[in-house]
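As structure tokens, the structure follows; a few thoughts come after it.
Read-outs: derived from the displayed coordinates by stated rules, not from any lab. The structure presented is a predicted model; accordingly, all values stated were derived computationally and were not measured. As a convention, Cβ positions derive from the backbone with ideal geometry for all residues, glycine included, and neighbour counts pool all protein chains shown.
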């Protein structure tokens with residue numbers, strides 16, 4: 001089977017799988033994407049090629065995107081490996097591959113460094129907001145001139161226009177963080 005044939009088969013399986021997962025008949029999905037039930041049936045069974053002008057409304061009706069329907073399958077996306085930064089005393093797991101819904105990214109951090117930035121120049125600042133919840137330990141959140149301690153089971157949300165940094169307090173700490181696009185660029189993919 002050619003690569004195009006494998007992708008075509010995968011897209012058909014995804015369309016059928018998403019339709020049946022929602023409990024929709026061919027008629028219900030066809031009505032939602034403005035295709036005839038017979039056309040949709042032929043697309044799902046491989047008796048008709050999928051045209052781009054058909055794929056877009058099908059994806060939209062299924063609450064998906066064309067990108068998600070044609071996304072390649074690979075085992076490399078299954079295991080999330082940590083990125084160790086011994087200089088900064090942190091390990092990062094980027095949990096969302098690419099942008100998540102509404103342009104947000106999710107990451108897990110393990111902090112071992114307890115050294116707060118000494119100067120405002122060492123703090124990050126960018127447009128947007130950051131959110132995090134502490135899984136274990138205590139995170140010291142430096143916001144401008146003040147330090148806020150956030151304990152396991154607690155969460156924090158703040159404007160990232162305030163100079164900020166995260167460090168462990170009293171031992172290692174782990175937390176999940178949600179970043180908007182600007183936070184993703186600043187914290188997960190910083191420029192050197």
What do you get for Rg/Rh of segment 46-94 when both radii come from the Cα atoms and Rh is the Kirkwood radius?
-> 1.30
Quarter of Cα convex hull surface for segment 1-62, i.e. mean projection, nm² | 3.8
Would you order 108, 13 from fewest to most other beta-carbon atoms within 10 Å of each residue's own beta-carbon?
-> 13, 108
Mind giving me the FRET efficiency for residue 9 and residue 34? R0 is 22 Å, r the Cβ-Cβ distance, nearest 0.05 is fine.
-> 0.35
Could you work out how far the C-alpha centroid of segment 147-167 sits from that of segment 20-61, in angstrom?
-> 46
Sticking with the crude label model, points 7 Å out along Cα→Cβ, report the distance from residue 67 to residue 125 in nm, one decimal please.
-> 3.1
Shape of segment 18-165, Cα gyration tensor, a/c cut at 1.5 | prolate
